[in-house]
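Colleague: Quick one: the structure is below, and I'll ask about it shortly.
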Number of protein chains: 4
Amino acid sequence: MSEPIRVGVLGARGRMGQQACRAVDAADDLELVAMVDAGDWLFSVADAGSQVLVDFTHPDVVMDNIRFAIDQGIHAVVGTTGFTAERLDTVRTWLADAPQVGVLVAPNFGIGAVLSMRFAQLAARFYDTAEVIELHHPHKADAPSGTAVRTAELIAAARREAGMGAVPDATTQARDGARGADVDGVHVHALRVAGMVAHQEVVLGAEGETLTIRHDSLDRVSFMPGVLLGVREIARRPGLTVGLEALLDL
Amino acid sequence: MSEPIRVGVLGARGRMGQQACRAVDAADDLELVAMVDAGDWLFSVADAGSQVLVDFTHPDVVMDNIRFAIDQGIHAVVGTTGFTAERLDTVRTWLADAPQVGVLVAPNFGIGAVLSMRFAQLAARFYDTAEVIELHHPHKADAPSGTAVRTAELIAAARREAGMGAVPDATTQARDGARGADVDGVHVHALRVAGMVAHQEVVLGAEGETLTIRHDSLDRVSFMPGVLLGVREIARRPGLTVGLEALLDL
Amino acid sequence: MSEPIRVGVLGARGRMGQQACRAVDAADDLELVAMVDAGDWLFSVADAGSQVLVDFTHPDVVMDNIRFAIDQGIHAVVGTTGFTAERLDTVRTWLADAPQVGVLVAPNFGIGAVLSMRFAQLAARFYDTAEVIELHHPHKADAPSGTAVRTAELIAAARREAGMGAVPDATTQARDGARGADVDGVHVHALRVAGMVAHQEVVLGAEGETLTIRHDSLDRVSFMPGVLLGVREIARRPGLTVGLEALLDL
Amino acid sequence: MSEPIRVGVLGARGRMGQQACRAVDAADDLELVAMVDAGDWLFSVADAGSQVLVDFTHPDVVMDNIRFAIDQGIHAVVGTTGFTAERLDTVRTWLADAPQVGVLVAPNFGIGAVLSMRFAQLAARFYDTAEVIELHHPHKADAPSGTAVRTAELIAAARREAGMGAVPDATTQARDGARGADVDGVHVHALRVAGMVAHQEVVLGAEGETLTIRHDSLDRVSFMPGVLLGVREIARRPGLTVGLEALLDL
């Protein structure tokens, strides 16, 4: 067996960061060499010989962290949110001068969520209709969920590329909101259900058959296989990679 | 075995009427003695010795048909739509003079739909949240379906009776329509899916658990067991019975 | 508001007992006055003035606990397993001499599980076929689950009472086990799925329609509303009550 | 718009053949030029100038039909069952001498079924456990369905390729059949439900999340988009193509 990959975690005391530390620690092929959070000395990550840095921090500091990693020649796996096209371009510019470094920025490390979106996108052009249902706990502030909106956008794009028109819909009398939110022409429905965590269903229909892709996420721990996959793969993928899907070889 | 019950069908050439004729004909304990439609001689139903009349006609003529049945001492099982509280009161007045005659007026003969609604109503007070999803073919004009609206109303009433307040919902940022239609405080979501027929899901949630009651209706033939149940039971239930649920002994 | 009910918990350091203590403590109308576990002085429950005792202990000691409660005139809500018909008869004999005391013995305090079973039982006679799927985490030792077996037995009994014969099944070529376990003629299928907790689906079918009752239990906390319901109701129900369903007024 | 493709249908009076004729006839870019069944003159297909032949006949005659098509330089889309590796090899031999002719042999023209299988196969390596549920009408003779067996085999192969071991399963006490049929280590459960047609669910589980891929097939018409896709694509794919999935560009 080869040497374990040396991993430093930024945001190590946050909810995702703690999980990431635990997951790295439990993996035989990875070694947790640094745990850093706000107030800690960032350079200790480099001092500890980290080869890959995992970042679950905050939009305010994540860019500095990435800059630091690239300067130090450390690969980065970034789950912090708030990336705009501008931020991604900045990262690309920085990476141009460090051609051996890889950075993965992923808005969602849930492999199931990523697979769901990908399958919905692949299947969309074979079905006349497509709608998205998302079900979350009642403490969620936004509706629909970001994942549901993204899924609908991907379906809508796949339909456009295939030259498909609007979904058929003969509704003439509707109560307000009955048909859900319209995201690029794809209807999205958000339920808030006590006892649930994070669930999504894509319902595709054609004459005589339907296809349903359902993802149930019950625990934050479900994001860790995706994080570990990123840690293991990023050294082999110099430059910027956006989204976990690029690593799934679908 | 006792004598078969003699049954006449009004609206016999319509879609539901045809199914009803076939179902009565196939039942060993029932005998189809008259099939009448617009333009036929209504009295032939009485002449043929009908003991029970099944009515799948039209709101414009159904009241005349019921009046006729009561006058003739024939029980009636009515699936025609368009009954208001006023119409039901009129039928009750007529029945006051014919204490031996039974009339069943049912907006929905699907036993599964009726069970779904009843179960949702019974379960509602044990769950913090309740929402309704209905899925129909894309040719449907109204959204949500009448059954979904009725289900939501029943849930809302059960919550009120149990002294429950509004469902918890922390949504602060929502796209238009994302949270569905609000029916007495219960959110209802309508999907239009090619390949589907008529489906409904009631999703109830409490801390740590959820209960889902799903009904899938694929064919109009599914209404026939409810119609036959009405035909078999109505002679034993003089007066007006509204809704199939009264016959299900739940 | 009336005085809170004074509650003592036996097995207070066990997994269910801890949850019960927490739930009683959090309820405004209940007061947690005693927490007892193996090695503690049982009489402290009485000394503390407990009006209702909650027992999540062990089959070896539960009968002694119930005897003690009855002798002290304390009502008991018992979730400990291992009750046979003989044990229940013994409890009944003891209660004959304490006509004011109520004892609830419930194998399952999940309201959703109890509702599922009840709804399956009520619906069974309207459907030609009925099967049960249960899905649990892969650490479970028995298959199918006790709840699934009980559900199938209830369905089978309901079918018998309604004079229904065997379910239709034209299978002539089957791989071993494909059609599941046969519980009184009802087929039961057990899945073991990583990431799942405890889930059950009853699938009922008739010509042209199906009815599915699904229960998802994600956390032990879901049993607590049933325990609290027992605590609140048992004083009003002298004698032995078996099963939570008796308290649900279905 | 280019010239429509000229299509001949063999087995034109069978259930699938009739649907195929109707579907070809309804498509603007296809022209139905010959309908042939047992007793008809096979050469009329060639005489009518068929460019593609659709075969829904019988295992006894399908090889002769394919031979004929290849000899005539007509492409073939074959849905007839009963193809063994030997038969496929024979077709390959014949095609060696007709390098411009394409033959598609597909055991399943349901795009949804093919997508389900493909998605299950792609996702399998990311999940610790995988099981298959299939639900069919109670008139079905075999259990599990051929599609379910094939799906399980594909999942098992994907797990093997990824170096995964047996699925975790702590079951020590099981009723006979409770855990379903074992297909290459993947458990498959077959339900027979009145009112259902042909349905399949693949349930994948990992720590903290599950992914479910469900396909509902309600009508034979759902196979037609797959047949038409084959007709449109086969001219561009000389040689033998096995399975519709090759044409879906997944």
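Colleague: Do you know which of the residues in the range D:126-137 that are open to solvent by 10 Å² or more (accessible area, probe 1.4 Å) and at the interface with chain C (Cβ under 9 Å from one of its Cβ atoms) is farthest from residue D:164 (Cα to Cα)? Give the derivation first.
Modeller: Filtering the range D:126-137 down to residues open to solvent by 10 Å² or more (accessible area, probe 1.4 Å) leaves D:126, D:128, D:136-137.
Adding the requirement that they be at the interface with chain C (Cβ under 9 Å from one of its Cβ atoms) leaves D:128, D:137.
Values: D:128: 8, D:137: 35 Å.
So, considering only residues that are open to solvent by 10 Å² or more (accessible area, probe 1.4 Å) and at the interface with chain C (Cβ under 9 Å from one of its Cβ atoms), the one farthest from residue D:164 (Cα to Cα) is D:137.
Colleague: Please work out if residue B:180 is facing chain C (nearest Cβ under 9 Å) and of a type in the set (Gly, Ala, Ser).
Modeller: So residue B:180 fails the test.
Quick grid of which residues meet (1) among the aromatic types (Phe, Trp, Tyr); (2) free of Cβ contacts under 8 Å to residues at least 60 places away in the same chain; (3) open to solvent by less than 50 Å² (accessible area, probe 1.4 Å); (4) assigned to a loop (DSSP other than H, G, I, E, B):
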| residue | (1), (2), (3), (4) |
| --- | --- |
| C:19 | no, no, yes, no |
| C:34 | no, yes, yes, no |
| C:41 | yes, yes, no, yes |
| C:44 | no, yes, yes, no |
| C:49 | no, yes, yes, yes |
| C:65 | no, yes, yes, no |
| C:71 | no, yes, no, no |
| C:82 | no, yes, yes, yes |
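Colleague: Can you tell which of B:113, B:166, B:123 is open to solvent by 60 Å² or more (accessible area, probe 1.4 Å) and within 14 Å of another protein chain (Cβ to nearest Cβ)?
Modeller: On the way: B:113 fails: open to solvent by 60 Å² or more (accessible area, probe 1.4 Å); B:123 fails: open to solvent by 60 Å² or more (accessible area, probe 1.4 Å).
Testing whether each residue is open to solvent by 60 Å² or more (accessible area, probe 1.4 Å) and within 14 Å of another protein chain (Cβ to nearest Cβ) leaves just B:166.
Colleague: From A:158, A:148, grab the single residue that is surrounded by fewer than 24 Cβ atoms within 10 Å (Cβ to Cβ), under 20 Å from the mean Cα position of the chain (by Cα) and not in a loop (DSSP other than H, G, I, E, B). Please lay out each step first, then the result.
Modeller: Details: A:148 fails: surrounded by fewer than 24 Cβ atoms within 10 Å (Cβ to Cβ).
Selected residue: A:158, the only one of A:158, A:148 that is surrounded by fewer than 24 Cβ atoms within 10 Å (Cβ to Cβ), under 20 Å from the mean Cα position of the chain (by Cα) and not in a loop (DSSP other than H, G, I, E, B).
Colleague: In the range B:197-250, which residue that is small (Gly, Ala, Ser) and part of a strand (DSSP E or B) is farthest from the other protein chains (Cβ to nearest Cβ)? Working first, answer last.
Modeller: Applying the first criterion (small (Gly, Ala, Ser)) to the range B:197-250 yields B:198, B:205-206, B:208, B:217, B:222, B:226, B:230, B:235, B:239, B:243, B:246.
So of that shortlist, the ones also part of a strand (DSSP E or B) come out as B:198, B:205-206, B:217, B:239.
Details: B:198: 9, B:205: 4, B:206: 5, B:217: 5, B:239: 24 Å.
Per the stated criteria, the residue is B:239.
Colleague: Specify which of the listed residues (B:104, B:88) is open to solvent by less than 10 Å² (accessible area, probe 1.4 Å), modelled with pLDDT of 95 or more and not polar (S, T, N, Q). Spell out how you get there, then give the answer.
Modeller: Working: B:88 fails: open to solvent by less than 10 Å² (accessible area, probe 1.4 Å).
Going through B:104, B:88 in turn, just one is open to solvent by less than 10 Å² (accessible area, probe 1.4 Å), modelled with pLDDT of 95 or more and not polar (S, T, N, Q): B:104.
Colleague: Condition check: touching a residue at least 40 places away in the same chain (Cβ under 8 Å), crowded, with 22+ Cβ neighbours inside 10 Å and on the phi < 0 side of the Ramachandran plot. Does residue C:178 satisfy that?
Modeller: On the way: touching a residue at least 40 places away in the same chain (Cβ under 8 Å): no; crowded, with 22+ Cβ neighbours inside 10 Å: yes; on the phi < 0 side of the Ramachandran plot: yes.
So residue C:178 does not fit the description; no.
Colleague: Sticking with this structure for a sec: Out of C:45, C:7, report the one residue that is β-branched (Val, Ile, Thr) and at pLDDT below 95. Let's see the steps before the verdict.
Modeller: On the way: C:7 fails: at pLDDT below 95.
The unique qualifying residue is C:45.
Colleague: Looking at the range D:183-196, which of the residues that are outside any loop (DSSP other than H, G, I, E, B) and open to solvent by less than 10 Å² (accessible area, probe 1.4 Å) is farthest from the other protein chains (Cβ to nearest Cβ)? Quick ask: steps written out before the conclusion?
Modeller: First pass over the range D:183-196, keeping only residues outside any loop (DSSP other than H, G, I, E, B): D:183, D:186-192.
Right, trim to open to solvent by less than 10 Å² (accessible area, probe 1.4 Å) and you get D:183, D:186, D:188-192.
Details: D:183: 7, D:186: 11, D:188: 6, D:189: 4, D:190: 5, D:191: 5, D:192: 5 Å.
Ranking the qualifying residues of the range D:183-196, first place goes to D:186.
Colleague: Of all residues in the range C:118-145, which are in contact with a Pro (Cβ under 8 Å, 6 or more places away or on another chain) and not in a loop (DSSP other than H, G, I, E, B)?
Modeller: C:126, C:129, C:132, C:134
Colleague: Still on this structure, I have one more. Return only the number of the condition from (1) farther than 25 Å from residue B:91 by Cβ; (2) surrounded by fewer than 21 Cβ atoms within 10 Å (Cβ to Cβ) that residue B:250 does not satisfy.
Modeller: In the conditions (1) farther than 25 Å from residue B:91 by Cβ; (2) surrounded by fewer than 21 Cβ atoms within 10 Å (Cβ to Cβ), residue B:250 misses (1) alone.
The values are calculated or read from the model by the stated rules, or taken from the named source; none is laboratory data. Note that the structure is a prediction, hence the values are computed from the model and not measured. Ideal geometry is used to build each Cβ from the backbone, glycine not excepted, and the neighbour counts take in all protein chains shown. Heavy atoms of the whole protein, side chains included, go into the accessibility calculation; ligands, DNA and RNA do not. Shrake-Rupley method; radii C 1.70, N 1.55, O 1.52, S 1.80 Å.
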